1. Going by how many other Cβ atoms sit within 10 Å of their own, how do 247, 104 line up, fewest first?
2. Of the peptides 200-211, 46-57, how do they stack up when ordered by the mean number of other Cβ atoms within 10 Å, highest first?
3. Can you sort 82, 165, 125 so the residue with the fewest Cβ neighbours within 10 Å comes first?
Amino acid sequence: MVGKLFGLELPEISMGAEVIFHIGPLPITNTILTTWLTMALLITVAILIRKRLSLLPDTFQSIVEIIVETLYNLVTGVAGEKLGRKIFPLIATLFIFILTANWMGLLPGFASIYREMEHHGEIIKVPLLRPANSDLNTTLAMALITVILVQVAGIAYRGIKGYLKEFITPTMLAPLMAPIHLISELSHILSLSARLFGNIFGGDVVLMVIFYMLPVLAPAVFMILESLFGFIQAVIFSVLSLIYFTMAAAEEAEH
């Protein structure tokens, strides 16, 4: 959708990710490109840290160790040592990836580099780079992975019988409670994916409009706020995932 605001022609605004090129028959969207860049950055940092590990850490290694230790203490503090050690890699990966992807969307180029493409007979501006989490496909994929692994953890820790007890409770309300439990589990997918997508997409649109309407100082203020919101959304997604794992693996007596 191309629109005008106070006489200014705004770039294309689309809830769906835009295709910017093809690799054979495979369409590559701007969010996929950003996801690849985020992955490349994190892999590069991990390799550099691995090569520079030392008993006397430098500033960079110290910062990384503080981040990892803080995340580990959070996970084990909520889920316990046994479960926490197993799910820590997933929770830490979700947090670091989401936070990095959110903050990368604030870098110069995400709101200023566009590619002109033809759409229904007219030329439109399509952003070459777009925050990865402003694509519902990205957030939905992370939510699906999380919820599926939560069910696996529930079965592994409580057994098939204990896991299904919530769905087949032998009471008069069993026919009603089973669908409610099922809907509750499925709602976690929507809760995780839609919240992250909505906040990041909305923030991206607001920043684009602000950059076009206001001078340099105002966008800088909004970028600071968006960096804070990006951090909060990473925390919310990770903590909710952690809580889902903890609840699924809990014994019946601990509920």
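Readers should treat all values here as calculations from the given coordinates under stated rules, not as data from a laboratory. All of these numbers come straight from a predicted model, not from anything done at the bench. Don't worry about glycine lacking a Cβ; one is built from the backbone with ideal geometry, like all the others, and counts go over all protein chains shown.
1. 247, 104
2. Answer by packing, highest mean first, reads 200-211, 46-57.
3. 82, 165, 125
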